[in-house]
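Worksheet for the structure shown next.
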Amino acid sequence: MSDFKFTPGDFVVYPAHGVGKLIGSELHEISGHHFELLVINFDKERMTLRLPIHKAKAAGLRPLSSLDDMSSA
């Protein structure tokens, strides 16, 4: 996955849709396989995304940049 821990209520960046709020995770069975999915709500787009947790890093999911990161940029 990624280098940070996902906590419900955190805001995250998903490159294709921008900033969303992590609602939590869900377990789903799809074609006999069990997946843990992150549930992310994008208010601006009125959309809820379910992303397999093992695909989070490859999809570019990341936390918001800190003020220190922004200052050094």
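All of the numbers you see were taken from the coordinates with simple rules; none came from a lab. These numbers were taken from a predicted model, which means no experiment stands behind them. Because the Cβ atoms are built from the backbone with ideal geometry, glycine has one as well, and the counts that use them run over all protein chains shown.
Things to note:
- Looking only at residues in the range 1-48 that are part of a loop (DSSP other than H, G, I, E, B) and charged (D, E, K, R), the one that is nearest to SER66 (Cα to Cα) is ASP10.
- Positions within the range 37-64 being without any contact (Cβ under 8 Å) to a residue 40 or more places away in the chain and either of a type in the set (Val, Ile, Thr) or exposed (fewer than 12 other Cβ atoms within 10 Å of the Cβ) (or both), in sequence order: VAL39, ILE40, ASP43, LYS44, GLU45, ARG46, MET47, THR48, ALA58
- Residue in the range 57-70 that is in a strand (DSSP E or B) and in contact with a helix residue (DSSP H, G or I) (Cβ under 8 Å, 6 or more places away or on another chain) present: no
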